[in-house]
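All remarks here apply to the structure that follows.
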Amino acid sequence: MNAIEIRDLTKSFRGMYALDGLDMTVPQGAIYGFIGENGSGKSTTEKCICGHLVPDKGKITLFGRPYTDAGVRAKVGALIENAGCFPSSSVHANLMMQAINLGLKDRNGEIQRVLKIVRMEDSARLTFKKCSLGMKQRIGIAMALLGDPALLILDEPINGLDADGMRLMREILVDITKNYGCTVLISSHILGELEKIATHYGILRRGKMIKEIAASEMDARSQVYVSLKTQNLQATADLLWRSGYNVKFEEGELRIYDVENTGGLSAFLMQNGTFFSELKPHKVGLEEYYVSLMREKEM
Ligand SMILES: Nc1ncnc2c1ncn2[C@@H]1O[C@H](COP(=O)(O)OP(=O)(O)O)[C@@H](O)[C@H]1O
Ligand SMILES: [Mg+2]
């Protein structure tokens, strides 16, 4: 079953389309990285799923049920914009207010549970405003986790975090999906970070989904190339090209695609008297994949 299925979602603000017939499929158990330039509609999509915005048209299904279904709504936790905490209250008090709002029964037990997940079991008494940005983001996630949701929606949760904060966030998100069976939808433009944890990607452009792909599929297809730095790029490119290599100029170097054996390539170059300063195999990462997809769409 899919955690989220969206068909033809459309939302306009004063005649401008923020979402323009968006389709989206988030499999259960995924960490779904939601990518797109500023203003492409990521937050709007997330707000529609959460019921903070009413779409003009389209269909949203969560765990096979209409997203308006009260039972299914109770399974969704979200952190969009900020946690909406009271700055002068303690972490515990803020969580308690939310637990009461949600009508939870074992409120203290539940607060302990979520604080443990976000690695803050020792920080319950801290005043919210005294917490670091990383802690505030984790408190936001703890808030969203109250009531044990099956789907967690996070809007740019790693913005502004330092390396340690990002690492913690990664660990927490993987923990939530692996050990608590939660599905995570996370928007971010920090592709290098997203790439470390996402199992699926959705790439949005101007309110439309232009690509959905599983990380495993992207990995398998991410074309490996070998970068080559040499004094005489043109002559080397000609030589490789004549011998049937798939070679391209890129950023002051040659990139040779579909190379199965870098050693063989190196031997070939030396036999032909070509000296090089660097010969290095590469995988096309998320960043490059994203950039090339955007370029393709602009053409
Ligand atoms: N409440 C709103 N009123 C008017 N326009 C909005 C509102 N929310 C979003 N928009 C517009 O909708 C588009 C998509 O915005 P958003 O979903 O925030 O994009 P993203 O999160 O991908 O940066 C933008 O052009 C934005 O200006
Ligand atoms: Mg946004």
| message | Within 13 Å, Cβ to Cβ, of Ser227, how many net charges do the neighbouring residues add up to if Lys/Arg are +1 and Asp/Glu are -1? | response | 0
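Once you mark the trypsin sites (Lys or Arg not before Pro) that are in a DSSP loop and have at most 10 other Cβ atoms within 10 Å, what is the longest gap between them in the chain? Could you put the intermediate results ahead of the total?
On the way: sites that count: Arg14, Lys105, Arg125.
Formally, the longest exposed-site-free interval is 126-299.
Taking the Cβ of Gly181 as the centre, find all other residues whose Cβ is under 15 Å away and add up their charges (Lys, Arg: +1; Asp, Glu: -1). Present the calculation step by step, with values, prior to reporting the outcome.
Details: positive: Lys75, Arg113, Lys178; negative: Asp148, Asp175.
With Lys, Arg at +1 and Asp, Glu at -1, the neighbours total +1.
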| Hz values of 3J(HN,Hα) by residue in segment 147-161 - Karplus curve (6.51, -1.76, 1.60), Gly and Pro given as x | x, 6, x, 9, 9, 10, 10, 10, 9, 6, x, 9, 4, x, 7
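Listing Phe275, Phe63 from the residue with the fewest other Cβ atoms within 10 Å to the one with the most, what is the order? Walk me through the numbers before you get to the answer.
Values: Phe275 10, Phe63 19.
In increasing order of surrounding Cβ atoms, one gets Phe275, Phe63.
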| task | Apply the Debye scattering formula to the chain, with a single equal point scatterer on each alpha-carbon and no solvent, then give log10 I(q)/I(0) at q = 0.07, 0.08, 0.10 Å⁻¹. | result | -0.36, -0.46, -0.65
| Lys11: net charge of surrounding residues, Cβ under 10 Å, Lys/Arg +1, Asp/Glu -1, itself excluded? | 0
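Could you sort out which of Lys57/Lys129; Lys11/Lys178; Lys42/Lys178; Lys75/Lys196; Lys248/Lys297; Lys47/Lys211 sit more than 28 Å apart by Cα distance in this structure? Could the numbers behind the result be given before it?
Details: Lys57/Lys129 40 Å; Lys11/Lys178 33 Å; Lys42/Lys178 25 Å; Lys75/Lys196 26 Å; Lys248/Lys297 21 Å; Lys47/Lys211 21 Å.
Over 28 Å Cα-Cα: Lys57/Lys129; Lys11/Lys178.
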| Nitroxide proxy distance, nm - points 7 Å out along Cα→Cβ at Met294 and Glu260 | 3.6 nm
| task | Any chance you could give the angle, 0 to 90 degrees and rounded to 10, that helix 107-117 forms with the longest Cα principal axis of the chain? | result | 10 degrees
| Derived scalar couplings ³J(HN,Hα) [segment 19-26; Karplus, 6.51 cos²θ - 1.76 cosθ + 1.60; whole Hz; x for Gly, Pro] | 10, 10, x, 6, 10, 7, 9, 10
| query | What is the helix-to-structure angle for 91-101, meaning the angle in degrees between its Cα long axis and the longest Cα principal axis of the chain, kept from 0 to 90 and rounded to the nearest 10? | reply | 70 degrees
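Looking at segment 2-214, what % of its DSSP beta bridges pair antiparallel, to the nearest 5? Present the calculation step by step, with values, prior to reporting the outcome.
On the way: 23 of 40 bridges.
For segment 2-214, the DSSP antiparallel bridge percentage is about 60.
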| note | For the pair Ser222 and Glu278, the simple spin-label estimate (label points 7 Å beyond Cα toward Cβ) gives in nm 1.8 nm
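Bear in mind that the values in this text are calculations on the coordinates, not laboratory data. Small disclaimer: the values here were computed from a predicted structure and weren't measured. Neighbour counts are summed over all protein chains in view; Cβ atoms, including those assigned to glycine, are modelled from backbone coordinates with ideal geometry.
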